[in-house]
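Structure first, commentary second.
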Amino acid sequence: MDAERWQRLSPLLDALLELEPDARERSLASLREEDPKLAEDLAGLLALEAEGDDFLAEPLVAPMPGARPGILIGPYKLERLLGEGGMGQVWLASRADGLYQRRVALKLLRPGLADPNLRLRFTRERQILARLGHPHIARLLDAGISADNQPYLALDYVEGEPITEWCKARDLDVHACVRLFMQVCEAVSHAHANLIVHRDLKPSNILVTPLDEVRLLDFGIAKLLDTAEQAPDNTRTGLRAFTLHYAAPEQIRGEPVTTMTDVYSLGVVLYEVLSGAKPYLLKRQTDAEWEEAILGADPPKPSSMRLRNADEGGDPAAPRRRARQLAGDLDNIVLKALAKHAEQRYPSVEAMALDLQRYLDGKPVHARAQSLAYRLRKYAGRHRWALASAALVAVTFAAALGIVMWQSHQFVREGARAQALKNFVVGLFENAGSTPEGVPLDVRQLLEAGVARGNQELARQPEARAELFGVIARLRLGLGDYEEASSLLDRQAAIIDALDDVPPSLRLESATDLGHTRRMLGRYAECITGMRPWQELARREDHALPAQASEFYSQLGRCQQHAGERDAARLMFERSLALRRDPLRNEAGVVENLADLARLRAAAGDTAGAQRDMRDALAQLRARVGDRHPLAITLLRDLCALRRGQGDIRGAEDDCRKALSLALDLRGAQSRAAVDARRQLAALHVDAGRYSEAATEFASSQAWLLARLGMGHEEVARNYNSLAIVDWERGDTVAALRNLDRAIAISRQPGHAQMLASHLFNRAMILHGLGRDAEARLQLHESLRLREAMRGNHAGIVGDTLRLLGETSAALGDHATAERQLQRAATLVHEGYGPAHPHTLRGELSLARFRARDGDTAAIGQLERLANLAPGDIEQRRIAWLARAYLAERTCHGPRREQVLAELDALDATLQQAQPEGGSVVREIDAIGDGCRSAPQAPR
């Protein structure tokens with residue numbers, strides 16, 4: 001079977017294999033009517049699949065013709081086939097022209113990969129690759145084209161075994177495997193230093209000689225980064241000149257190849273060396289399933305793969321020991337190298353090698369979160385004997401000090417409580433050391449055990465038990481376990497209420513933690529009700545306990561802000577800010593309150609002023625605290641939201657990407673900060689027309705939100721709204737309306753008027769697009785009432801609502817009302833957003849389209865102006881596309897019909913390139929084009 005025929009059969013065969021037998025027969029019957037020969041071929045392949053498990057074990061595509069032992073390729077005589085890959089074959093050959101004797105590995109490229117300039121290109125590659133002088137790289141000796149136009153590459157012939165087989169055959173331990181792999185990193189790093197990307201790193205290209213030395217082979221498809229060919233079109237993979245199982249996602253997608261592509265391939269090889277298996281578990285070993293796994297599936301940890309292999313049979317002890325050695329550092333190193341997005345991998349092979357060396361040296365690796373406990377554990381591992389001696393001295397000193405303190409009887413109440421808590425926590429973590437070796441510590445289980453032990457061991461010390469519950473609740477909050485933290489804080493409050501004399505610090509901390517938890521759960525009214533009784537205590541103690549009082553004011557203010565009590569919230573933020581400036585001099589706290597005040601300014605409608613304040617706060621944080629403070633994540637996300645609201649999509653995406661990168665580094669992928677940053681970035685993907693990426697992000701975020709926040713939380717409603725917008729843009733109106741109904745049901749709870757107005761507007765937009773304008777108008781009237789009732793300057797969003805309301809009135813034939821609504825909308829969006837904002841331009845576009853239908857010359861001129869907008873962000877381009885379509889709509893049935901249809905075809909070609917995933921704007925323009933093409937031409 002030829003390659004072209006197989007390329008057509010392969011995707012159809014994959015689709016049929018996924019179907020049930022009855023559905024498969026129906027599909028084949030339908031195909032027989034269209035292409036009997038194709039259906040016959042597919043039926044034959046399906047019959048082979050049913051006969052045995054070795055289906056497709058042999059390639060169906062015919063091998064490369066011409067190559068056989070004994071023939072001459074250039075000056076080389078072929079001896080035997082060494083291997084075969086996607087680019088061609090590798091033969092053992094010897095020099096046959098008598099100039100000298102040498103055995104080489106001769107790579108024959110497939111004739112279909114040749115081009116008219118192949119000889120010149122091979123000559124240039126040979127000159128450039130001669131730079132690769134490294135003991136772990138097999139040299140490229142020669143390159144050329146034979147008399148029968150067969151391109152070839154001659155390399156050092158290396159006697160050796162693939163690195164995976166070498167390690168497996170000798171049962172090397174983990175450290176030996178890593179040390180051997182470090183030689184591979186050195187070789188690839190040398191190539192990168194010479195601006196060459198290998199692009200096809202795999203075990204068969206990484207041989208180990210009998211002297212235990214690595215040789216890296218086959219730079220024949222390597223990409224030269226310093227040539228003029230490194231233009232955008234030429235950096236893509238084009239033909240599949242790589243091995244699929246070791247290809248990076250960007251190679252599958254045809255995106256530019258960089259040094260981080262080799263990092264990914266090295267990660268796959270290291271995964272296989274350590275775990276004994278490839279990183280993806282597939283039902284069928286087809287190209288389609290491999291591509292789907294590489295692009296979207298998360299590989300299991302190497303340690304998990306080792307355990308899985310142990311469970312499949314044989315002696316499980318050795319694989320389980322190996323899995324324990326892989327768990328932790330090596331798991332994280334390999335998975336970082338295998339990140340789907342290049343920017344999340346190691347920035348270079350040197351960085352990956354450095355982490356592997358740190359693992360070998362017993363130092364903390366950069367692929368893991370650098371928690372204090374982790375760094376201490378690593379330090380203790382490297383200095384165990386010195387620490388043991390120091391611990392003995394410390395214990396002796398502590399015992400002597402304890403005796404002196406006991407004899408002095410000078411304990412105070414706060415000291416006793418703190419000491420009891422300290423002793424309890426130390427004992428809890430000492431018991432955690434009994435966890436079997438290699439089994440990771442379950443933090444949540446440890447916290448549950450802490451609560452149980454606290455009830456027993458601190459039963460007679462209620463203050464210490466209450467403080468312990470507060471500490472564990474704060475840890476639960478950090479893990480995203482909001483309901484568990486709330487339950488624990490309720491128990492803490494009950495203990496405190498039963499005490500006769502409660503220290504003010506404990507009372508304020510308890511109220512603050514409970515308020516914070518209720519805010520995270522969206523229970524703003526409960527937060528305010530629970531904190532207000534202690535507001536006077538905070539005021540009375542704010543000089544004695546400034547840290548506790550300032551945190552109390554901040555949390556109360558945020559709950560008040562969410563509940564719409566902006567003036568009260570401002571007062572709380574200003575009180576907290578004064579304490580943090582003096583006496584606390586808490587720079588991070590000052591920035592946090594400045595950001596709170598900037599959010600209040602944005603909520604009042606002053607987006608530009610809020611953005612300036614937020615930038616000032618971020619600059620102050622970086623100057624006084626540092627670039628990597630967790631608060632920077634929140635500030636960058638706020639800036640992203642503000643810039644998106646002003647129509648600056650590119651700037652917003654830049655801020656959001658920085659926030660996500662910092663959240664992943666500081667908090668981890670499953671943290672609330674990372675999930676929220678991903679959702680925000682997904683919303684920008686929607687703005688840019690990348691709907692598939694957005695759908696994936698929002699779906700995974702919804703599972704996280706529902707698990708931790710529950711069905712009634714406002715963030716769940718916002719995510720349903722986002723899912724609905726993506727569904728609408730992708731054309732799934734049923735799913736879009738279903739998700740919006742869920743969002744509206746949640747946002748109808750008290751305190752969510754602004755969110756409800758937005759969700760109602762989006763539902764009306766979808767109904768208008770479906771032609772259900774009477775229903776849409778009802779939704780818009782409710783949305784307009786809510787938005788007009790908001791305090792502050794919201795002219796822009798009111799105007800945008802009126803704009804859609806005017807469009808529905810026009811669709812229903814109420815032209816007088818539509819004229820008034822569209823005119824007022826254009827005025828308000830201009831007032832609220834300024835002249836260049838996309839909402840302002842959309843308001844002008846709707847009014848001009850309405851008036852142009854009656855032949856208004858000024859309106860037609862306005863459409864022409866909008867159609868010629870200078871290319872800016874994607875929203876401005878969409879305005880220009882719609883304006884061009886509206887101009888064509890009113891003239892396509894006249895004497896310029898053929899010219900207008902040609903203009904619509906050109907616009908359609910532009911849309912296909914700029915919006916490959918379609919969208920509502922594309923559908924609207926397609927509908928206009930279909931109407932123009934189908935309607936009869938008006939008489940001249």
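The values are calculated or read from the model by the stated rules, or taken from the named source; none is laboratory data. The structure presented is a predicted model; accordingly, all values stated were derived computationally and were not measured. Please note: Cβ atoms are built from the backbone with ideal geometry, for glycine as well, and neighbour counts cover all protein chains shown.
When region 248-307 is filtered for residues that are touching a Gly at 6+ places or on another chain (Cβ under 8 Å) and surrounded by fewer than 18 Cβ atoms within 10 Å (Cβ to Cβ), only G254 remains.
Restricting attention to region 780-833, the residues that are assigned to a helix (DSSP H, G or I) and either aliphatic (A, V, I, L, M) or assigned by TED's automatic domain parsing to the domain that holds A603 (or both) total 18. Within region 273-303, being closer than 23 Å to A176 by Cα and part of a helix (DSSP H, G or I) holds for V273, L274, S275, P302, S303.
Yes/no per residue for (1) among the hydroxyl-bearing types (S, T, Y); (2) part of a loop (DSSP other than H, G, I, E, B); (3) closer than 19 Å to E714 by Cα; (4) touching a residue at least 12 places away in the same chain (Cβ under 8 Å):
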site	(1), (2), (3), (4)
R507	no, no, no, yes
A525	no, no, yes, yes
Q548	no, no, no, yes
Q555	no, no, yes, yes
Q560	no, no, yes, yes
D567	no, no, no, no
L579	no, no, no, yes
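With respect to the conditions (1) closer than 21 Å to H134 by Cβ; (2) more than 31 Å from the chain's Cα centre (by Cα); (3) at pLDDT 90 or above, V184 falls short on a single one, namely (2).
Do the conditions hold for A544, that is, is it of a type in the set (A, V, I, L, M, F, W, C) and part of a helix (DSSP H, G or I)? In short, no. Looking at region 834-940, the helices (runs of 4 or more DSSP H) lying wholly inside it that each contain 3 or more residues that are surrounded by fewer than 16 Cβ atoms within 10 Å (Cβ to Cβ) and among the small types (G, A, S) sit at 897-914, 920-934.
The rows are residues; the columns are (1) small (G, A, S); (2) more than 23 Å from L477 (Cβ to Cβ).
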| site | (1), (2) |
| --- | --- |
| Q646 | no, yes |
| G651 | yes, yes |
| D654 | no, yes |
| A659 | yes, no |
| L662 | no, no |
| D665 | no, no |
| A673 | yes, no |
| A682 | yes, yes |
| H685 | no, yes |
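Checking E437, E457, E484 one by one, the residue that is modelled with pLDDT of 80 or more and not basic (K, R) is E484 and no other.
Hey, any hits in region 650-670 for a residue that's of a type outside the set (D, E), in contact with a helix residue (DSSP H, G or I) (Cβ under 8 Å, 6 or more places away or on another chain), in a loop (DSSP other than H, G, I, E, B) and buried (at least 19 other Cβ atoms within 10 Å of the Cβ)? No: zero hits. For region 847-879, the candidate set comprises residues that are in contact (Cβ under 8 Å) with a residue 40 or more places away in the chain and β-branched (V, I, T); within that set, the residue that is farthest from R820 (Cα to Cα) is I874.
Scan region 46-65 and give yes if some residue there is at pLDDT 70 or above and more than 30 Å from L81 (Cα to Cα), otherwise no. Yes: region 46-65 contains one or more residues that are at pLDDT 70 or above and more than 30 Å from L81 (Cα to Cα).
Within the option set L508, L468, L446, being in contact with a Phe, Trp or Tyr (Cβ under 9 Å, 6 or more places away or on another chain) and more than 27 Å from A549 (Cα to Cα) holds for one residue only, L446.
Applying the criterion of being small (G, A, S) and surrounded by fewer than 18 Cβ atoms within 10 Å (Cβ to Cβ) to the residues of region 130-179, the residue that is modelled with the highest pLDDT is A176.
Residues in region 719-752 that are surrounded by fewer than 18 Cβ atoms within 10 Å (Cβ to Cβ) and touching a residue at least 60 places away in the same chain (Cβ under 8 Å): G731, P750, G751. Scanning region 604-626 for residues that are out of contact with any Gly (no Cβ under 8 Å at 6 or more places or on another chain) and hydroxyl-bearing (S, T, Y) yields a count of 0.
On inspection, A608 passes the criterion of being out of contact with any strand residue (DSSP E or B) (no Cβ under 7 Å at 6 or more places or on another chain), surrounded by fewer than 20 Cβ atoms within 10 Å (Cβ to Cβ) and under 24 Å from H794 (Cα atoms). Looking at (1) of a type outside the set (S, T, Y); (2) buried (at least 18 other Cβ atoms within 10 Å of the Cβ); (3) part of a loop (DSSP other than H, G, I, E, B); (4) modelled with pLDDT of 85 or more, can you tell me which one D200 breaks? Here D200 meets the rest and fails (4).
The residues on offer are L584, L600, L635, and the sole one that is part of a loop (DSSP other than H, G, I, E, B), of a type in the set (A, V, I, L, M, F, W, C) and free of Cβ contacts under 8 Å to residues at least 60 places away in the same chain is L584.
Touching a residue at least 40 places away in the same chain (Cβ under 8 Å) and buried (at least 20 other Cβ atoms within 10 Å of the Cβ): does that describe G796? The answer is yes for G796.
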